[in-house]
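Below is one structure, written out as structure tokens; comments come after it.
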Amino acid sequence: MSMTQQAGPAVGTPPASGPKATDGRTAQRPLALRLLARPEVGVFLGAVAVLVFFLIAAPAVRQGSSMATVLYQSSTIGIMALPVALLMIGGEFDLSAGVAVITSALTASMLSYQLTMNVWVGVIVALIASLGVGAFNGWMVMRTGLPSFLVTLGTFLILQGVNLAVTKLITGNVATDDISNMDGFDQAKKIFASSFDIGGVEVKITVVWWLVFAALATWVLLRTKYGNWIYAVGGNKDSARAVGVPVAFTKITLFMTVGFGAWFMGMHNLFSFNTVQSGEGVGQELIYIAAAVIGGCLLTGGYGSAIGPVFGAFMFGMVNQGIVYAGWNPDWFKAFLGVMLLGAVLINLWVSRTATRR
């Protein structure tokens, strides 16, 4: 019998029935576990639970105007939580983010008012100053090798002191002068602090900007080379450098992104209230970091998303306003915040173990 005749029956023989053999590397985990391993799924479920809870406990939340207020409060946290989250994915922290918002607003306000310039001059100079603070933080971290916690703590103290001292020196007060009558104010207010009507409900423009920035950050993380760099330097910067990732450039620009967010929120504060209190902003940096952590960003870096902090910020806004609408003592907000943060850390720990389990 020829070799061809011997091979024929083997080809035509149907495969044996039964489950396909797999090993630990190729076995597929259940869909539920794969979904829960996504950084934004846990916080999404948490946000839904918080929303349902307050819809029941505080009927006033069901009104359109109340929900618009919740979204506004969420957006003021979420706009800053996004760049802070990107920085955390890159493996770093920025404790100066809260006071940097006030520094930006003070720079634009005092420069415009004291020199009687168009407010847009102050806005542009404030942008340059905010990016400069971020670049300084990133450069110091990369140049010295010190933990970003220590570097930005120093920047936090410097900015806090400068904000108070310079404002008192120039204005003779702890707050800046009203700039609402200056040239360019109305145009700037439309961009940073205006409102629009949807079905009789007034919605702040920051809600739109918040969602736009979230979409942009998601695209950067998932569809660009720079997004891959962020995950790489956060996971292991030495390994990332070994494969050609520009570690210093990536981390410095991430700090500058936080500076951009601080500038934007500083402009919102300035054009919303026409003046700025120089002592504000202290403690806000912890809120931004907490929103990012609740949103699924690991404290160790290299893991997270841009969508997660959106839901994390929404939970903050929902709890903050929901307690008020429910008529409870607002002091409970800190307790809710602590519970959410602790719960998020525990969930993140479980998710990280699930994601690495074979």
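The values are calculated or read from the model by the stated rules, or taken from the named source; none is laboratory data. Here the structure is a predicted model, which is why all the values come from computation and not from measurement. In this analysis, Cβ positions are derived from the backbone assuming ideal geometry, glycine residues included, and neighbour counts consider all displayed protein chains. Each accessible area value is taken on the protein alone, full model and side chains, heavy atoms only, with ligands, DNA and RNA left out. Shrake-Rupley method; radii C 1.70, N 1.55, O 1.52, S 1.80 Å.
Just checking, does the stretch 304-326 include any residue being touching a residue at least 12 places away in the same chain (Cβ under 8 Å), polar (S, T, N, Q) and in a loop (DSSP other than H, G, I, E, B)? Within the stretch 304-326 (the criterion being touching a residue at least 12 places away in the same chain (Cβ under 8 Å), polar (S, T, N, Q) and in a loop (DSSP other than H, G, I, E, B)), the answer is yes, since at least one residue qualifies. Scanning the stretch 148-178 for residues that are free of Cβ contacts under 8 Å to residues at least 40 places away in the same chain and not in a helix (DSSP H, G or I) yields 172, 173.
Among the residues of the stretch 61-74, are any modelled with pLDDT of 90 or more, open to solvent by less than 30 Å² (accessible area, probe 1.4 Å) and closer than 14 Å to residue 308 by Cα? Yes: one or more hits. Every listed requirement among (1) open to solvent by 70 Å² or more (accessible area, probe 1.4 Å); (2) over 20 Å from residue 92 (Cβ atoms) is met by residue 143 save one, (2). Remark: pairs (first residue in the stretch 98-113, within 15 Å of residue 178 (Cβ to Cβ) and touching a residue at least 12 places away in the same chain (Cβ under 8 Å); second residue of a type in the set (D, E, K, R) and not in a helix (DSSP H, G or I); Cβ separation under 6 Å; 6+ apart in sequence or on different chains) = 113/177. For the stretch 48-96, a residue qualifies if it is outside any helix (DSSP H, G or I) and of a type in the set (D, E, K, R), and the qualifying residues are 92, 94. Against the numbered list (1) open to solvent by less than 50 Å² (accessible area, probe 1.4 Å); (2) closer than 22 Å to residue 204 by Cα; (3) polar (S, T, N, Q); (4) touching a helix residue (DSSP H, G or I) at 6+ places or on another chain (Cβ under 6 Å), residue 272 comes up short only at (4). Report yes if some residue within the stretch 128-138 is at pLDDT 95 or above, farther than 16 Å from residue 251 by Cβ and open to solvent by 50 Å² or more (accessible area, probe 1.4 Å); otherwise report no. Yes, the stretch 128-138 contains a residue that is at pLDDT 95 or above, farther than 16 Å from residue 251 by Cβ and open to solvent by 50 Å² or more (accessible area, probe 1.4 Å). Give all pairs with beta carbons closer than 7 Å in which a residue from the stretch 191-216 that is touching a residue at least 24 places away in the same chain (Cβ under 8 Å) and closer than 17 Å to residue 307 by Cα meets a residue that is assigned to a helix (DSSP H, G or I) and of a type in the set (S, T, N, Q); count only pairs at least 6 apart in sequence or on separate chains. Close Cβ pairs satisfying both conditions: 206/75; 206/76; 207/75; 210/75. Selection of the stretch 83-103 for residues being open to solvent by 10 Å² or more (accessible area, probe 1.4 Å) and of a type in the set (A, V, I, L, M) yields 86, 95, 100. Filtering the stretch 233-247 to residues that are assigned to a helix (DSSP H, G or I) and either free of Cβ contacts under 8 Å to residues at least 40 places away in the same chain or in contact with a Cys (Cβ under 6 Å, 6 or more places away or on another chain) (or both) leaves 238, 239, 240, 241, 242.
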